[in-house]
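Undergrad: The following block contains the structure, expressed as structure tokens.
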Amino acid sequence: MVRGGWDGHQPVEATDLFVPFLKENGYEVRIEESPAIYTDGDYLDTVDLIVQSVTMSTIEKEEFEGLRLAVENGTGLGGWHGGIADSYRNNSDYLHMIGGQFATHPGKAPEERIGEQSDNYVPYTVHMTDAAATHPITEGIGDFELTTEQYWVLHDDYIDVLATTTQAVRPWDPGTAKSPRPRSGPGSGVRGGSSSRRPGTTSTSSKTPTSAPSSKGAAVGVPLKVGIIGVGKISEQYFASFPKLPGLHLTAVADIDAARTKQVADEQGVAALTVDELLADPAIDAIVNLTIPAAHVEVGTRALKAGKHVFAEKPLGLSPEEALPMLELADEKGLRVGSAPDTVLGTGIQTARQVLDSGAIGDPVAAQVHWSAPGHERWHPSPLFYYQPGGGPLFDMAPYYLTSLVTLFGPIARVSGLATRSTRERKVETGPLEGTAIPVDVDTHVSALLEHASGVTSTVTVSFEVWATRSPLFEVYGTKGTLAVPDPNRFSDPVEISTSDAPEFTEVPVSAGYDDAGRGYGLADMARAIETDRPHRASGRLAFHVLEAMDAILRSSDEKRVVELTSTVERPDPVPHGANPETW
């Protein structure tokens, strides 16, 4: 952040407002009090974004050349008000680069003035342009009224204007008095560069693998063409969602079982391909990886090498060491990796988050999770993989709860875990494999204590060993009440709240999340993010953090110590009430 110039624009106070937000969202922030830093080319090469707040100052030739070179090399340049549009009147090349310059702000009629700054405050309307409807800076913002200084900004045609304001004809103003008609000018805009890492004066993302937005994919308004690899039981839920998601177009399916592939392809009206054929198909933009956990990274990596985005069922991989190279490859190729669970995007968890963020239960102190069952063999026709590495209650069920906890409280800093398994013999209880013995190679009862970076603590138990329980499924405890969080394995169960003023649990009206969501909504959210060049919510980075937490829980149990996590992740953006994946 570079600040200085006229104190009337409060460069220190204004930039200080943004520093905590930037740091909380993963940015390293360095503050400079003059443009002299622009001469340090080696440092600027490491910078993603320059935020400038310098008004009515001067810039030396070497300083401007350093800034220009940084922008040409892809560093973003952003700012507001005179801090970017009235910075260095002594340098015409700077004005040329920015493409805009503040001229004046006509004020009230002379007889209405009282000698205060408010003499320049006039009522006016900010009109959003057509381009604003789909731009990430202004999407969702309509025209609005203001009473403040109305800026007259000169600009060139290389500015993409997102908002305008019309100057009225004012007889006392020398600028408008010469015109027989009102004049419209930009209120907000962006300026793009041919090789910029960041679009003009906007700021997005960080350098962490899979967190940087990618624009590779379908053209704007064209559905993302999807192929599914693995058509087992979970695929049925994805197929049920596709008709509700116009941003996705299912093109083909593949499975190691050719007969199953043909059957499902005929049911869905799509092509039946081998895995190799699907990965080689240039018409497919993204694959949904519904293979067994042991194959998630292998298949995902092959898809990325073939130039396709990836959305995978959880877990992301069997270990952080296995999964990280896949994310680094995606980042290198400018492709997206997304991962289940996307249940957290439904109205259940999103409403819980909205209620929590509103302060309805005060400050969160702790959370408790208890998911348990006797085992998946009681209902699943082919449950053997649940008892192999990548399965068990931790890797199969905990992702729902850990992802929800990170969504609610932010990243996990450290964990302590205990894991065990019983000697109970297990057999498949339904389907063609009924009676088949199940080898158990994973722990089947896991408890963990988590400390979030925010200071909240969470206690989590997941088990395939419990026949019955009265433990609450998922609760959050705050300084003013308790939040009963719905099952995060489902999308839209109700949220309940009990407070110090109203101790009886009552149901909370839906206030956030995708309505009537199902599996596949995370992929649709990712498709829209690709189209609009924004981070997606059910991200590979989030799934990686959850994977590291699960791995750390098992290591803590084995090594009998608290384990610190090395990864971190931002809370995904909330899903506003009434949003849908095609227009957010």
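The values are calculated or read from the model by the stated rules, or taken from the named source; none is laboratory data. What you are looking at is a predicted structure, and each value in this text was computed from that prediction instead of being measured. Counting neighbours? That spans all protein chains shown, and the Cβs are built from the backbone with ideal geometry, glycine included. Heavy atoms of the whole protein, side chains included, go into the accessibility calculation; ligands, DNA and RNA do not. Shrake-Rupley method; radii C 1.70, N 1.55, O 1.52, S 1.80 Å.
Undergrad: Quick one: would you say E13 is outside any loop (DSSP other than H, G, I, E, B), modelled with pLDDT of 90 or more and loosely packed, with under 14 Cβ neighbours inside 10 Å?
TA: Yes; evaluated as a whole, the condition is true for this residue.
Undergrad: Would you say T430 is within 23 Å of the chain's Cα centre (by Cα) and of a type in the set (S, T, Y)? Walk me through it before giving the result.
TA: On the way: within 23 Å of the chain's Cα centre (by Cα): no; of a type in the set (S, T, Y): yes.
In short, no.
Undergrad: Right, another one. Taking the stretch 369-379 as the search range and keeping residues that are in contact (Cβ under 8 Å) with a residue 60 or more places away in the chain and assigned to a helix (DSSP H, G or I), which one is farthest from V466 (Cα to Cα)? If you could, list the steps in order and put the result at the bottom.
TA: Narrowing the stretch 369-379 to residues in contact (Cβ under 8 Å) with a residue 60 or more places away in the chain: 369-377.
Still in the list and also assigned to a helix (DSSP H, G or I): 376-377.
Details: H376: 12, E377: 14 Å.
The residue in question is E377.
Undergrad: Can you pull out every residue in the stretch 327-354 that is more than 20 Å from N580 (Cα to Cα), part of a helix (DSSP H, G or I), in contact (Cβ under 8 Å) with a residue 60 or more places away in the chain and not charged (D, E, K, R)?
TA: Those that are more than 20 Å from N580 (Cα to Cα), part of a helix (DSSP H, G or I), in contact (Cβ under 8 Å) with a residue 60 or more places away in the chain and not charged (D, E, K, R): L327, A330.
Undergrad: Where residues in the stretch 455-498 are out of contact with any strand residue (DSSP E or B) (no Cβ under 8 Å at 6 or more places or on another chain) and among the small types (G, A, S), which of them is surrounded by the fewest Cβ atoms within 10 Å (Cβ to Cβ)?
TA: A468
Undergrad: Which residue, of D86, D160, D93, is closer than 30 Å to E582 by Cα and charged (D, E, K, R)? Reasoning before the result, please.
TA: Values: D86 fails: closer than 30 Å to E582 by Cα; D93 fails: closer than 30 Å to E582 by Cα.
D160 is the lone residue from the list that is closer than 30 Å to E582 by Cα and charged (D, E, K, R).
Undergrad: Examine the stretch 403-422 for a residue that is touching a residue at least 24 places away in the same chain (Cβ under 8 Å), among the small types (G, A, S) and open to solvent by 70 Å² or more (accessible area, probe 1.4 Å), and state whether such a residue exists. Please lay out each step first, then the result.
TA: Just the residues of the stretch 403-422 that are touching a residue at least 24 places away in the same chain (Cβ under 8 Å), to begin with: 403-422.
Add one more test, that the residue is among the small types (G, A, S), and what stays is 404, 410, 413, 416-417, 419, 422.
Filter once more, so that each one left must be open to solvent by 70 Å² or more (accessible area, probe 1.4 Å): none.
No, because not a single residue in the stretch 403-422 is touching a residue at least 24 places away in the same chain (Cβ under 8 Å), among the small types (G, A, S) and open to solvent by 70 Å² or more (accessible area, probe 1.4 Å).
Undergrad: In the stretch 534-554, is there at least one residue being assigned to a loop (DSSP other than H, G, I, E, B) and open to solvent by 20 Å² or more (accessible area, probe 1.4 Å)?
TA: Step one: filter the stretch 534-554 for residues assigned to a loop (DSSP other than H, G, I, E, B), giving 534-538.
Next, only the ones that are open to solvent by 20 Å² or more (accessible area, probe 1.4 Å) stay: 534-535.
Yes - at least one qualifying residue is present in the stretch 534-554.
Undergrad: G359 - would you say it is under 30 Å from E425 (Cα atoms) and either modelled with pLDDT of 95 or more or open to solvent by 20 Å² or more (accessible area, probe 1.4 Å) (or both)? Even if it seems obvious, please write down each step before you answer.
TA: Working: under 30 Å from E425 (Cα atoms): no; either modelled with pLDDT of 95 or more or open to solvent by 20 Å² or more (accessible area, probe 1.4 Å) (or both): yes.
So G359 does not fit the description; no.
Undergrad: For the stretch 114-126, indicate whether the set of residues that are of a type outside the set (A, V, I, L, M), at pLDDT 85 or above, under 30 Å from D533 (Cα atoms) and buried (at least 20 other Cβ atoms within 10 Å of the Cβ) is non-empty.
TA: The first filter runs over the stretch 114-126 and keeps only residues of a type outside the set (A, V, I, L, M), leaving 115-121, 123-125.
Subsequent filtering for residues that are at pLDDT 85 or above retains 121, 123-125.
Then keep just the ones that are under 30 Å from D533 (Cα atoms); that gives 125.
This time we only want the ones that are buried (at least 20 other Cβ atoms within 10 Å of the Cβ), so: none.
Checked against the condition, which is being of a type outside the set (A, V, I, L, M), at pLDDT 85 or above, under 30 Å from D533 (Cα atoms) and buried (at least 20 other Cβ atoms within 10 Å of the Cβ), the stretch 114-126 yields no hits at all.
Undergrad: Do the conditions hold for D130, that is, is it loosely packed, with under 14 Cβ neighbours inside 10 Å, in contact with a Gly (Cβ under 9 Å, 6 or more places away or on another chain) and either at pLDDT 85 or above or within 30 Å of L49 (Cα to Cα) (or both)? Give the derivation first.
TA: Details: loosely packed, with under 14 Cβ neighbours inside 10 Å: yes; in contact with a Gly (Cβ under 9 Å, 6 or more places away or on another chain): no; either at pLDDT 85 or above or within 30 Å of L49 (Cα to Cα) (or both): yes.
Criteria not met by D130.
Undergrad: Just to verify a result, which residue in the stretch 500-533, among those that are open to solvent by less than 60 Å² (accessible area, probe 1.4 Å) and in a loop (DSSP other than H, G, I, E, B), is farthest from G247 (Cα to Cα)?
TA: This residue is A502.
Undergrad: If you don't mind, there's one more thing I want to ask. Taking G578, is it assigned to a loop (DSSP other than H, G, I, E, B) and either in contact with a Gly (Cβ under 9 Å, 6 or more places away or on another chain) or open to solvent by less than 10 Å² (accessible area, probe 1.4 Å) (or both)?
TA: On the way: assigned to a loop (DSSP other than H, G, I, E, B): yes; either in contact with a Gly (Cβ under 9 Å, 6 or more places away or on another chain) or open to solvent by less than 10 Å² (accessible area, probe 1.4 Å) (or both): no.
So G578 fails the test.
Undergrad: Right, here's the next one. Could you tell me whether D558 is of a type in the set (D, E) and crowded, with 24+ Cβ neighbours inside 10 Å?
TA: Details: of a type in the set (D, E): yes; crowded, with 24+ Cβ neighbours inside 10 Å: no.
No; evaluated as a whole, the condition is false for this residue.
Undergrad: Give the stretch 25-50 a look and list any residue that's touching a residue at least 40 places away in the same chain (Cβ under 8 Å) and among the charged types (D, E, K, R), or say none.
TA: The answer is D48, and nothing else.
Undergrad: Working only within the stretch 53-76, note down all residues that are touching a Pro at 6+ places or on another chain (Cβ under 8 Å), open to solvent by 10 Å² or more (accessible area, probe 1.4 Å) and touching a residue at least 40 places away in the same chain (Cβ under 8 Å).
TA: Within the stretch 53-76, just S57 meets the criteria.
Undergrad: Could you grab me the full set of residues in the stretch 380-393 that are open to solvent by less than 10 Å² (accessible area, probe 1.4 Å) and either under 30 Å from V355 (Cα atoms) or part of a helix (DSSP H, G or I) (or both)?
TA: Listed by number, the residues that qualify are Y387, G392, P393.
Undergrad: For the subset of the stretch 435-454 comprising residues that are among the hydroxyl-bearing types (S, T, Y) and over 25 Å from the mean Cα position of the chain (by Cα), which member is least open to solvent (accessible area, probe 1.4 Å)?
TA: Filtering the stretch 435-454 for residues among the hydroxyl-bearing types (S, T, Y) gives 436, 444, 447, 454.
Applying the additional criterion that residues be over 25 Å from the mean Cα position of the chain (by Cα) yields 436, 444, 447.
Numbers: T436: 52, T444: 2, S447: 38 Å².
Top of the filtered list is T444.
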